[in-house]
Amino acid sequence: MVQLGHIMLTKFEDIIEITLHHEGGYVNDPDDLGGETNFGIAKRFYPDVDIKNLTKDEASDIYRRDYWDKNKVDEMPEQLRHIYFDMCVNQGKGTAVKVLQRACNSKKAGLKVDGGLGPKTLGAIKEYNPSLPRVRCYRLKHYYDLVNRKPEQERFLFGWYRRTMEV
């Protein structure tokens, strides 16, 4: 949930603008785990896409098809759609679902933390309705754990923190 004034962003057309802003333009940083990217679309996952010349509209189409639709964002409670979509984009669906599973488990849901978005997880998300601050907390934990495993990624930590708190 991102609130601009009193507006909660829940639709792809609104959320994608924030995502594209966070992802930025063309980058080819050898230290970034994403590698060559444009608007966050990575060459290693889209080898047939001309990443350097990718347009904003083409990136939006990829995000709609491969991140919004495939990850069932519309099935999330409205207040979690933006953060879930952003986690799918930035961390991958499996990690995004694990974050939500952990947030539900902190409220005694008893889910297996496996990254699968099946009926039990969807049901627990609806029943336990983890708050945005709770989800942010577990998202940040993922980033801190990543930096502990891969210290060279620490230079990205503040950006991940800022992104987490803005979404």
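The values are calculated or read from the model by the stated rules, or taken from the named source; none is laboratory data. None of the values given here were measured: they were computed from a predicted structure. Glycine gets a Cβ as well: all are built from the backbone with ideal geometry, and neighbour counts include every protein chain shown. Only protein heavy atoms, including side chains, enter the accessible area calculation; ligands, DNA and RNA are left aside. Shrake-Rupley method; radii C 1.70, N 1.55, O 1.52, S 1.80 Å.
Here are the numbers for the structure shown:
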item: Cα long-axis angle, helix 132-149 against the chain (0 to 90 degrees, to the nearest 10); result: 60
item: Longest exposed-site-free window of the chain, the sites being chymotrypsin sites (Phe, Trp or Tyr not before Pro) in a DSSP loop that have at most 14 other C-beta atoms within 10 Å; result: 46-167
item: Accessible area per residue in Å² at 1.4 Å probe, computed on the chain; result: 54
item: Rounded to whole Hz, the Karplus (6.51, -1.76, 1.60) HN-Hα couplings of segment 60-72, x for glycine and proline; result: 4, 4, 5, 4, 4, 5, 9, 10, 7, 5, 5, 9, 6
item: Heavy-atom accessible surface of the chain: percent carbon and sulfur, 1.4 Å; result: 50
item: Cleavage-rule hits, trypsin sites (Lys or Arg not before Pro), segment 47-117, DSSP coil, Cβ neighbours within 10 Å at most 15; result: K70, K72, K107, K108, K112
item: Fully extended contour minus Cα-Cα distance, from D69 to N28, at 0.36 nm per residue; result: 12.0 nm
item: Percentage relative contact order, segment 77-167, counting C-alpha pairs under 8 Å, at least six apart; result: 27
item: Cβ-derived FRET efficiency at R0 25 Å, K107 paired with V49, nearest 0.05; result: 0.05
